[in-house]
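Inspection log for the structure reproduced underneath, given as structure tokens.
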Amino acid sequence: MMRYILPFVVFMVLAVFLFIGLGLNPHEVPSPLINKPAPAFTLPQLHDPSRQFSSQNMKGQVWLLNYWASWCAACKTEHPVFMALARQNIVPIYGVDYKDKRENGQAWLRDGGDPYVLSVSDMDGRTGIDYGVYGVPETYLIDKEGVIRYKQIGAVTQQILQEKILPLVAELQAK
Amino acid sequence: MKNLLILLFCLLPGFSYAGEAIDMADDPVLEKRMIGLAENLRCLVCQNESLASSRSELAEDLRREVREQMQKGLTDQEIIDYLVSRYGDFVLFDPPVKSYTLLLWYGPFALLLAGLAGLVFQLSKRNNKVSEARLSAEDEQRAAAMLNPPEDSPKD
């Protein structure tokens, strides 16, 4: 009997591992920046390039940093989620227009609505590299000390917002 | 009308777009060093392509970044450390030995050892089972007769 059971058990264990492997998304690369200080940046504002915005100004606040672009399809699905969140005034959202033409970025916000307190433009993607961005949209939750606490790769959905981001925001704001 | 159409079709190839030429450093030695380094780094957009061969925009940006860091005089290891600190070990095609990659690195050897141990165990068990059979004197004679047939036996 044993000679039949043992191979079957081995097979089942292997099958379970392979099945779990099938469900993993290889495009979600865990960020090594979680719980690390957010890389500092100073970038020109999207609407007024003569003015700069520095991430240092955000010390003492919990905020969301969202990388988006007018050429990014998934950003369109994410956009209404941020519009609704901006109306609730829970957490400020700052946008980085990533590798985009300034006028396209401005037009995108004009046509679809602007959920951001402020947007900056990262035209050559250097700040993106600092943040480990490899595809927009990507969203970072940064705490009062300027430490990255969460990274969302791909579009933020209502579900992710309610289940992951907002509870964490409340927790970090209470600190 | 027909001529106009023909003319229009003649113009069509003009629309084809070959993409921008990929920028190169002026210094061929540096470019070679950059490509050598980038061949061992993964492009995060097209994940099974190296940073050296990928044509994705992110790969081009990262090559520029590597080039600039080399110009600043950073060593290869420092540049790799920088990219790993941003994108994680995933950018390396050669995963480093760490607590959570032990199974990856040493798992095959553990399996090999387990297989060898199983084989030795099975063989020793089989060895114990085989008992030497004793022949009776009569059987021994018969066997000898069969093995050493008389010289004058007919041959076919």
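Remark: B:Ala38 falls outside the filter, which requires a residue to be within 25 Å of the chain's Cα centre (by Cα), touching a residue at least 12 places away in the same chain (Cβ under 8 Å) and within 11 Å of chain A (Cβ to nearest Cβ). Considered as a group, the residues in region A:95-123 that are touching a residue at least 40 places away in the same chain (Cβ under 8 Å) and within 16 Å of A:Thr42 (Cβ to Cβ) include one that is farthest from the other protein chains (Cβ to nearest Cβ), and that residue is A:Leu118.
Checked against the criterion of being over 30 Å from A:Pro32 (Cα atoms) and either in contact with a Ser or Thr (Cβ under 8 Å, 6 or more places away or on another chain) or surrounded by 10 or more Cβ atoms within 10 Å (Cβ to Cβ) (or both), the candidates B:Arg142, B:Arg86, B:Arg126, B:Arg134 yield just one match: B:Arg142.
Restricting region B:90-99 to residues that are surrounded by fewer than 16 Cβ atoms within 10 Å (Cβ to Cβ) and under 21 Å from B:Met70 (Cα atoms), the residue that is farthest from the other protein chains (Cβ to nearest Cβ) is B:Phe93. Flag set for A:Leu141, criterion: within 17 Å of the chain's Cα centre (by Cα), crowded, with 22+ Cβ neighbours inside 10 Å and hydrophobic (A, V, I, L, M, F, W, C).
Taken over region A:82-114, the residue count meeting the criterion of being touching an Asp or Glu at 6+ places or on another chain (Cβ under 9 Å) and more than 17 Å from A:Pro49 (Cβ to Cβ) is 2.
Among the residues of region B:44-60, the one identified as acidic (Asp, Glu) and within 17 Å of B:Phe90 (Cβ to Cβ) is B:Glu49. Taking the criterion of being without any contact (Cβ under 8 Å) to a residue 12 or more places away in the chain and either hydrophobic (A, V, I, L, M, F, W, C) or part of a helix (DSSP H, G or I) (or both), the residues of region B:66-88 that qualify are B:Glu68, B:Leu74, B:Gln77, B:Glu78, B:Asp81, B:Val84, B:Ser85, B:Arg86. Taken together, the residues in region A:124-154 that are in a loop (DSSP other than H, G, I, E, B) and away from every other protein chain (no Cβ under 11 Å) amount to 6. Within region B:50-71, being surrounded by fewer than 19 Cβ atoms within 10 Å (Cβ to Cβ) and away from chain A (no Cβ under 13 Å) holds for B:Ser50, B:Ala52, B:Ser53, B:Arg55, B:Gln71.
So which residues in region A:144-159 are surrounded by 14 or more Cβ atoms within 10 Å (Cβ to Cβ) and either farther than 17 Å from A:Glu28 by Cβ or in contact with a strand residue (DSSP E or B) (Cβ under 6 Å, 6 or more places away or on another chain) (or both)? Correct list: A:Lys144, A:Gly146, A:Val147, A:Ile148, A:Arg149, A:Tyr150, A:Lys151, A:Gln152, A:Ile153, A:Val156.
Values quoted throughout were computed directly from the atomic coordinates according to the rules given, and no laboratory measurement underlies them. What you see is a predicted model, and the numbers here were worked out from it, not measured in a lab. Virtual Cβ from ideal backbone geometry, glycine too; neighbours counted across all protein chains shown.
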